[in-house]
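Enquirer: Supplied in structure tokens, the structure appears directly below.
The values are calculated or read from the model by the stated rules, or taken from the named source; none is laboratory data. For clarity, every value in this text was computed on a predicted model and none was experimentally measured. Using ideal geometry, Cβ is built from the backbone for each residue, glycine included, and neighbour counts are taken over all protein chains shown.
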């Protein structure tokens, strides 16, 4: 019950009991009823204080928990190849959110050059995927079979889940990814 309603009920109860007490001829009876009314008001005020404290405490906890969750979600996932931090535009999807969870403590992925146009490496577990036939371009980052990260420095067409895009030129990507196997590190900042 809200504090205002409880206080209003206490006042009404006190008035009713006080009015009944005034109508009695017996003074001893009036004193008893007045004491009872005062006790009822006292109990009601105590309940109001407890209800107000409970209402005030609960939302603070919820706000704190929500803020911490929102803070984690607001962190940016950073991708490095070797020691080079890359400018990546990440997709807004469930796969990226799960990849962020894996990156909380740092995720290192050993990549292997494949087909002369991509680097592929296992993320260590399967995450949500929504594969669609996709034509990739240099810089595309995709999820393959739910558990492999693929970074393109060329192009291909296959069923993938889009994760993001590295913002670099085709030549920069080829220099970075086309010479041999690389190590990708994902972290949150």
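Enquirer: Inspect all residues belonging to region 60-68 and state whether any of them is closer than 15 Å to residue 188 by Cα, loosely packed, with under 10 Cβ neighbours inside 10 Å and at pLDDT below 95.
Expert: no
Enquirer: Can you list residue pairs whose Cβ atoms sit under 6 Å apart, with the first residue in region 178-189 being touching a residue at least 24 places away in the same chain (Cβ under 8 Å) and the second being surrounded by fewer than 17 Cβ atoms within 10 Å (Cβ to Cβ) and part of a loop (DSSP other than H, G, I, E, B)? Count only pairs 6 or more apart in sequence or on different chains.
Expert: 187/106; 188/75; 188/104; 189/76
Enquirer: Within 20 Å of residue 77 (Cα to Cα) and either at pLDDT below 95 or touching a helix residue (DSSP H, G or I) at 6+ places or on another chain (Cβ under 7 Å) (or both): is that true of residue 185 in this structure? Steps first, answer last, please.
Expert: Details: within 20 Å of residue 77 (Cα to Cα): yes; either at pLDDT below 95 or touching a helix residue (DSSP H, G or I) at 6+ places or on another chain (Cβ under 7 Å) (or both): no.
When the stated conditions are applied, residue 185 does not pass them.
Enquirer: Looking at 160, 114 in this structure, which one is touching a strand residue (DSSP E or B) at 6+ places or on another chain (Cβ under 9 Å) and crowded, with 19+ Cβ neighbours inside 10 Å?
Expert: After ruling out the rest, the residue left standing is 160.
Enquirer: Give region 117-146 a look and list any residue that's out of contact with any strand residue (DSSP E or B) (no Cβ under 6 Å at 6 or more places or on another chain) and over 15 Å from residue 173 (Cα atoms), or say none.
Expert: 124, 125, 126, 127, 128, 132, 145, 146
Enquirer: Out of 89, 108, report the one residue that is touching a residue at least 40 places away in the same chain (Cβ under 8 Å), part of a strand (DSSP E or B), in the same structural domain as residue 160 (by TED's automatic domain parsing) and closer than 13 Å to residue 186 by Cα.
Expert: 108
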